[in-house]
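A.B. asks: Right, I'll just put the structure down here and ask away after.
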Amino acid sequence: MDFVTIMAAGVATGTIYLFAAVGEIFAERSGVLNLGVTGMMLMGAVGGFATVVATGDPWLGLLVGMAAGGLLSLLHAVVTIHFQADQVVSGLALTFVGTGLARVLGEGLSKAGATSLLPKLTVPILSDIPIVGPIFLRDQSVLVYAGYLLVPAAWYWIHRTRPGLNLRAVGEYPAAADAMGVNVYRLRYLYVFMGGLLSGLAGAAITLAIQPGWFGDLTVGGRGWIAIGLVIFAQWDPLRAAVGGYLFGAIDRFLLDVQGPENFFGIRNPVYYDHTLTFFLGMLPFVLVIVVLVVGSREAVRKRIGAPAALGVPYIRGERGA
Amino acid sequence: MTSRRPKLTALLITFALVAGACSPSAGGSPSAPPQACEAAGSAAGADLQIPDVEAGKFNVAMVLIGPHDDGGWSQAHYEGLLYVCQNMPDSHVAYIELVPEGADSEQVFRSLSRKGFDFIIGTSFGYMDPMETVAGEFPDITYLHLTGFKSNGKNFGNFFGAMEDFKYLAGMLAGSRAKADGNPKLGYMATFQIPEEIRLGNAIMLGAKVTCPECTMDVRWINTWHDPIIEKEAAASLFDAGAQVVFTGADTPAVADVAQEKGKWGVTYDHPGSCKVEACLTAPYWIWGPEYLRIAEAVKAGTYTAGYEYFDADSGAMGLFGFMEGETLQPGVASLPAEDIQKVKDTLAKMLAGQFTRFDVFAGPINDNTGAVKVPAGEKLKQADLDQFPPGAPGNECTYCMKWFAEGINGELPQ
């Protein structure tokens, strides 16, 4: 068991969480909660994989996967923004729709065998920096590097630009934003769609690069929900979401690697002697998400951790209140 | 405005259910069937539909833990089911896939029984207790459970085979490969701590010792039979810890894909089609069709007696990919020392002829991984030592009870 190996694997699989969580941050910052991340990720995963199986081109697969996630998110946008339906219900329905559609579209794909993958890159010179180099810059998928670029860009967009200010305004106090001439509906559509694109990217990252292949629902597993929990854990901040994503990715790998050594620095490794502990450890990420969701949904806490004030509330032009 | 919401919600849910209901509805058509055949299929979940029986036919239902096209365990059983349907006149077959073990599966078995299926097959360890319960409620239906250790002696029978023979052979190949590559370390991705997984792990290690006495093996427990993502992570964990060849005890070919990526070797399991990529050395696999047909016909004729049936290599129900008729050696095997390949071929020939059985695989002397002698020279394990049917029952006590890991395996079992 080795810290660098676990973290390097964590950065690779954490990139999946990162894309989905940053996408959800955009949607929630605009005031729209989208619980359909799992559905959108599955659509991205199956869209990307079906494309690479048909054409052999993983880059095209990446585009199709993103588009598939984006298209599905538009359903949520129409229902919650145009028809002002309950966002929680619509998001849950989106999960079912995405899962069902992906199962139909993925029929037979599990037999596809090996496909061409997106390339892996090693950054010359910098990858020789101790610890940091092998974790972040050695033999990682090109999408992992895309994650490094996306996170600061998303942070800068939200916190330091004019459109970012509009985004935050729409999520905090849409009536005021509207009065200032910001088109609330258009922006919400835009950011829900962007969330869909990024969830689709997260799904395509699984099937085209990080854990290639199509395995039905298990391709995504519980990861869509973890990404949603991460958003609250990260307090709607892309930088924190990246850290959280990498950590959750590392936990997945740690649970396996921890079974290896008989001793740690001379102390008996309990997991080596009693493997039933791995059931308990495997539960922990989900417990953490539940705790974060419960704590994060209390009104007083929400304000303090910076939840967008209008999150989950449909905007109806001309009606009082946000 | 609010009055519109319930309708819209109902619409959404309806849409969701409709989309869900479109999921896999029928199994693929078999190649060149002696008799045109289709298996009615359904996946577990909120949208589960229990398939119907066809009146006047012999109705067989199968419950699968993974998808019927997983390229491994479940697909091997599914193909066995199709074989029954193709070769048994007036039969109708159906399957339900992705059924979780435990309480969920009990509902599935009960529903299938209510529909009136004549013969119901459950293909995962955790279906054992639910099947036993349901078998008690429907005495006229015959239930066949694979991999467990229970039977009620009436209408709930147990069935499995000595895959340890073929894991032993695959272990010989893996040992030879690791030695040739100068890295005598193997990895074993095991599922749950049940007798089957311990037995198969030991068989791999004993086989590897034949060709590579200095070989050792790491273990990772993954707590699932079917989750390709976890299987991939565990394979990566073993390779990164230094393994040259990794075996899977789970259901899918994920291990070979990771081996390909890492430039190492993987040994898949269950289905000959699982060994596709170049990095796959071999796959010990199952051929369920003829066995299922035999039992189905016995059930139909009323001659089947529920009990413990455990077949060995001479049944023809298992194979070693690359070594059976019409198969070619994988590149990673073809380049091994000729005497090692010959050794595997000779042992395989003896196995198929019934001259080398699971008790020869587990013949003494065998030491455990603490160095203690578990089976003295000249002694052999008995069936009760291997899997204990049922564990510790009077008259069926084990002597060398296999609750230990053989020499060379890095791992502990809770006592």
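A.B. asks: Considering every residue within the stretch A:120-135, establish whether at least one is of a type outside the set (Phe, Trp, Tyr), within 11 Å of chain B (Cβ to nearest Cβ) and touching a helix residue (DSSP H, G or I) at 6+ places or on another chain (Cβ under 8 Å). Please lay out each step first, then the result.
C.D. replies: If we filter the stretch A:120-135 for residues that are of a type outside the set (Phe, Trp, Tyr), which is where we start, we get A:120-135.
Now restrict to residues that are within 11 Å of chain B (Cβ to nearest Cβ): A:120.
Next, from what is left, pick out any that are touching a helix residue (DSSP H, G or I) at 6+ places or on another chain (Cβ under 8 Å): A:120.
Yes, because at least one residue in the stretch A:120-135 is of a type outside the set (Phe, Trp, Tyr), within 11 Å of chain B (Cβ to nearest Cβ) and touching a helix residue (DSSP H, G or I) at 6+ places or on another chain (Cβ under 8 Å).
A.B. asks: Scanning for something surrounded by 18 or more Cβ atoms within 10 Å (Cβ to Cβ) and among the hydroxyl-bearing types (Ser, Thr, Tyr), does the stretch A:235-247 turn up at least one residue?
C.D. replies: Yes; the residues of the stretch A:235-247 include at least one that is surrounded by 18 or more Cβ atoms within 10 Å (Cβ to Cβ) and among the hydroxyl-bearing types (Ser, Thr, Tyr).
A.B. asks: Report, by residue number, each residue of the stretch B:193-206 that is within 14 Å of chain A (Cβ to nearest Cβ) and either over 16 Å from A:Val271 (Cβ atoms) or free of Cβ contacts under 8 Å to residues at least 60 places away in the same chain (or both).
C.D. replies: Step one: of the stretch B:193-206, the residues within 14 Å of chain A (Cβ to nearest Cβ) are B:193-194, B:197-198, B:201.
Once the filter is applied, which keeps residues that are within 14 Å of chain A (Cβ to nearest Cβ) and either over 16 Å from A:Val271 (Cβ atoms) or free of Cβ contacts under 8 Å to residues at least 60 places away in the same chain (or both), the stretch B:193-206 yields B:Ile194, B:Glu197, B:Ile198, B:Gly201.
A.B. asks: Shifting gears a bit: I want to confirm something. Restricting to the stretch A:215-229 and keeping residues that are among the hydrophobic types (A, V, I, L, M, F, W, C) and within 9 Å of chain B (Cβ to nearest Cβ), which single residue is nearest to B:Asp70 (Cα to Cα)?
C.D. replies: Residues of the stretch A:215-229 among the hydrophobic types (A, V, I, L, M, F, W, C): A:215, A:218, A:220, A:225-228.
Add one more test, that the residue is within 9 Å of chain B (Cβ to nearest Cβ), and what stays is A:215, A:218, A:220.
Details: A:Phe215: 8, A:Leu218: 12, A:Val220: 16 Å.
Result: A:Phe215.
A.B. asks: Kindly list the number of the only condition in (1) crowded, with 16+ Cβ neighbours inside 10 Å; (2) farther than 29 Å from A:Ala85 by Cβ that fails for A:Val220.
C.D. replies: Failing condition for A:Val220: (2).
A.B. asks: Can you tell me which of B:Gly354, B:Gly392, B:Gly371 is part of a loop (DSSP other than H, G, I, E, B), outside the structural domain of B:Ala180 (by TED's automatic domain parsing) and either modelled with pLDDT of 95 or more or more than 30 Å from A:Asn263 (Cα to Cα) (or both)?
C.D. replies: Details: B:Gly354 fails: outside the structural domain of B:Ala180 (by TED's automatic domain parsing); B:Gly371 fails: either modelled with pLDDT of 95 or more or more than 30 Å from A:Asn263 (Cα to Cα) (or both).
Exactly one of B:Gly354, B:Gly392, B:Gly371 is part of a loop (DSSP other than H, G, I, E, B), outside the structural domain of B:Ala180 (by TED's automatic domain parsing) and either modelled with pLDDT of 95 or more or more than 30 Å from A:Asn263 (Cα to Cα) (or both), namely B:Gly392.
A.B. asks: Let me ask you something else. Considering each of A:Val64, A:Val79, A:Val32, A:Val37 in turn, give the residue that is within 14 Å of chain B (Cβ to nearest Cβ) and among the β-branched types (Val, Ile, Thr).
C.D. replies: Working: A:Val64 fails: within 14 Å of chain B (Cβ to nearest Cβ); A:Val32 fails: within 14 Å of chain B (Cβ to nearest Cβ); A:Val37 fails: within 14 Å of chain B (Cβ to nearest Cβ).
Of the residues listed, the single one that is within 14 Å of chain B (Cβ to nearest Cβ) and among the β-branched types (Val, Ile, Thr) is A:Val79.
A.B. asks: Now for a different question. Looking only at residues that are of a type in the set (D, E, K, R) and either at the interface with chain A (Cβ under 10 Å from one of its Cβ atoms) or surrounded by 24 or more Cβ atoms within 10 Å (Cβ to Cβ) (or both) in the stretch B:235-263, which one is nearest to A:Asp257 (Cα to Cα)? Steps first, please.
C.D. replies: Of all residues in the stretch B:235-263, those of a type in the set (D, E, K, R) come to B:240, B:251, B:257, B:261-262.
Among the residues that remain, those that are also either at the interface with chain A (Cβ under 10 Å from one of its Cβ atoms) or surrounded by 24 or more Cβ atoms within 10 Å (Cβ to Cβ) (or both) are: B:240, B:251, B:257, B:261.
Details: B:Asp240: 9, B:Asp251: 21, B:Asp257: 19, B:Glu261: 19 Å.
Among them, the one singled out is B:Asp240.
A.B. asks: Starting from the stretch B:60-84, keep only residues that are of a type in the set (D, E, K, R) and surrounded by 24 or more Cβ atoms within 10 Å (Cβ to Cβ), then list their pairs with residues that are at pLDDT 95 or above and part of a helix (DSSP H, G or I) whose Cβ atoms are within a distance under 6 Å, requiring at least 6 positions of separation or different chains.
C.D. replies: none
A.B. asks: Just to be sure I understand, how many residues within the stretch A:184-231 are polar (S, T, N, Q), closer than 22 Å to A:Val243 by Cβ and not in a loop (DSSP other than H, G, I, E, B)? Explain how you work it out, then say what you get.
C.D. replies: In the first step, residues of the stretch A:184-231 are kept if they are polar (S, T, N, Q); the result is A:199, A:207, A:211, A:219.
Imposing the further condition that a residue be closer than 22 Å to A:Val243 by Cβ reduces the set to A:199, A:211.
If we keep only those that are not in a loop (DSSP other than H, G, I, E, B) as well, we get A:199.
Qualifying residue count, the stretch A:184-231: 1.
A.B. asks: Looking only at the stretch B:300-320, decide whether some residue is closer than 23 Å to B:Phe247 by Cα and out of contact with any strand residue (DSSP E or B) (no Cβ under 9 Å at 6 or more places or on another chain).
C.D. replies: Yes, there is a match, as at least one residue in the stretch B:300-320 is closer than 23 Å to B:Phe247 by Cα and out of contact with any strand residue (DSSP E or B) (no Cβ under 9 Å at 6 or more places or on another chain).
A.B. asks: Can you pull out the residues in the stretch A:139-197 that are within 17 Å of A:Ile16 (Cβ to Cβ) and among the hydrophobic types (A, V, I, L, M, F, W, C)?
C.D. replies: Once the filter is applied, which keeps residues that are within 17 Å of A:Ile16 (Cβ to Cβ) and among the hydrophobic types (A, V, I, L, M, F, W, C), the stretch A:139-197 yields A:Val142, A:Leu143, A:Val144, A:Ala146, A:Leu149, A:Leu150, A:Val151, A:Ala154, A:Leu197.
A.B. asks: May I ask you to verify whether B:Tyr95 is within 24 Å of the chain's Cα centre (by Cα) and farther than 25 Å from A:Val104 by Cα? Quick ask: steps written out before the conclusion?
C.D. replies: On the way: within 24 Å of the chain's Cα centre (by Cα): yes; farther than 25 Å from A:Val104 by Cα: no.
No, not satisfied.
A.B. asks: Given the conditions (1) within 14 Å of chain A (Cβ to nearest Cβ); (2) charged (D, E, K, R); (3) free of Cβ contacts under 8 Å to residues at least 40 places away in the same chain, which single one is not true for B:Glu339?
C.D. replies: Just one mismatch for B:Glu339, condition (1).
A.B. asks: Here's another thing I want to ask about it. Is one or more of the residues making up the stretch A:86-104 closer than 16 Å to A:Gly44 by Cβ, surrounded by fewer than 19 Cβ atoms within 10 Å (Cβ to Cβ) and at pLDDT below 95? Quick ask: steps written out before the conclusion?
C.D. replies: First, the residues of the stretch A:86-104 that are closer than 16 Å to A:Gly44 by Cβ: A:94-95, A:97-104.
Narrowing further to those that are surrounded by fewer than 19 Cβ atoms within 10 Å (Cβ to Cβ): A:104.
Adding the requirement that they be at pLDDT below 95 leaves A:104.
Yes, the stretch A:86-104 contains at least one residue that is closer than 16 Å to A:Gly44 by Cβ, surrounded by fewer than 19 Cβ atoms within 10 Å (Cβ to Cβ) and at pLDDT below 95.
A.B. asks: Has the stretch B:179-192 got at least one residue that is facing another protein chain (nearest Cβ under 10 Å), touching a helix residue (DSSP H, G or I) at 6+ places or on another chain (Cβ under 8 Å), crowded, with 24+ Cβ neighbours inside 10 Å and under 19 Å from B:Pro331 (Cβ atoms)?
C.D. replies: No, every residue in the stretch B:179-192 fails to be facing another protein chain (nearest Cβ under 10 Å), touching a helix residue (DSSP H, G or I) at 6+ places or on another chain (Cβ under 8 Å), crowded, with 24+ Cβ neighbours inside 10 Å and under 19 Å from B:Pro331 (Cβ atoms).
A.B. asks: Continuing with the same structure: Take the stretch B:202-218 and flag every residue that is in contact with a strand residue (DSSP E or B) (Cβ under 7 Å, 6 or more places away or on another chain), surrounded by fewer than 24 Cβ atoms within 10 Å (Cβ to Cβ) and not charged (D, E, K, R). Spell out how you get there, then give the answer.
C.D. replies: Initial filter on the stretch B:202-218 (in contact with a strand residue (DSSP E or B) (Cβ under 7 Å, 6 or more places away or on another chain)): B:202, B:204-206, B:208, B:215-218.
Remaining after also requiring surrounded by fewer than 24 Cβ atoms within 10 Å (Cβ to Cβ): B:206, B:216, B:218.
B:Leu206, B:Thr216 - these are the residues of the stretch B:202-218 that are in contact with a strand residue (DSSP E or B) (Cβ under 7 Å, 6 or more places away or on another chain), surrounded by fewer than 24 Cβ atoms within 10 Å (Cβ to Cβ) and not charged (D, E, K, R).
A.B. asks: Next question, about the same structure. Of everything in the stretch B:207-234, what is within 12 Å of another protein chain (Cβ to nearest Cβ) and without any contact (Cβ under 8 Å) to a residue 40 or more places away in the chain? Give them in sequence order.
C.D. replies: B:Arg220, B:Trp221, B:Ile222, B:Asn223, B:Thr224, B:Asp227, B:Pro228, B:Ile229, B:Ile230, B:Lys232, B:Glu233
A.B. asks: Any idea how many residues of the stretch A:115-128 are free of Cβ contacts under 8 Å to residues at least 60 places away in the same chain and not in a strand (DSSP E or B)?
C.D. replies: Number of matching residues: 8.
A.B. asks: Something else now. Name every residue in the stretch B:129-138 that is in a helix (DSSP H, G or I) and in contact with a helix residue (DSSP H, G or I) (Cβ under 9 Å, 6 or more places away or on another chain), in order of residue number. Step through it out loud before you land on a result.
C.D. replies: Quick first cut of the stretch B:129-138, residues in a helix (DSSP H, G or I) only: B:129-137.
Within the stretch B:129-138, B:Asp129, B:Pro130, B:Met131, B:Thr133, B:Val134, B:Ala135, B:Glu137 qualify.
A.B. asks: Which condition does A:Gly69 not pass, out of (1) touching a residue at least 60 places away in the same chain (Cβ under 8 Å); (2) over 17 Å from A:Gly221 (Cα atoms); (3) not in a loop (DSSP other than H, G, I, E, B), if it passes all the others?
C.D. replies: (2)
A.B. asks: Return a yes/no flag: does the stretch B:105-116 have any residue that is buried (at least 24 other Cβ atoms within 10 Å of the Cβ), assigned to a strand (DSSP E or B) and either in the same structural domain as B:Ile295 (by TED's automatic domain parsing) or modelled with pLDDT of 95 or more (or both).
C.D. replies: no
A.B. asks: Next up: Within the bounds of the stretch A:304-321, is there any residue that is in contact (Cβ under 8 Å) with a residue 24 or more places away in the chain, surrounded by fewer than 13 Cβ atoms within 10 Å (Cβ to Cβ) and within 28 Å of A:Met1 (Cβ to Cβ)?
C.D. replies: No, the conditions are met nowhere in the stretch A:304-321.
A.B. asks: Let me ask you something else. If B:Glu132 satisfies every condition in (1) under 15 Å from the mean Cα position of the chain (by Cα); (2) modelled with pLDDT of 95 or more; (3) acidic (Asp, Glu) but one, which is the exception?
C.D. replies: The number of the failed condition is (1).
The values are calculated or read from the model by the stated rules, or taken from the named source; none is laboratory data. Not measured: the values here are computed from a predicted model. Note: ideal-geometry Cβ built from the backbone for every residue, glycine included; neighbour counts use all protein chains shown.
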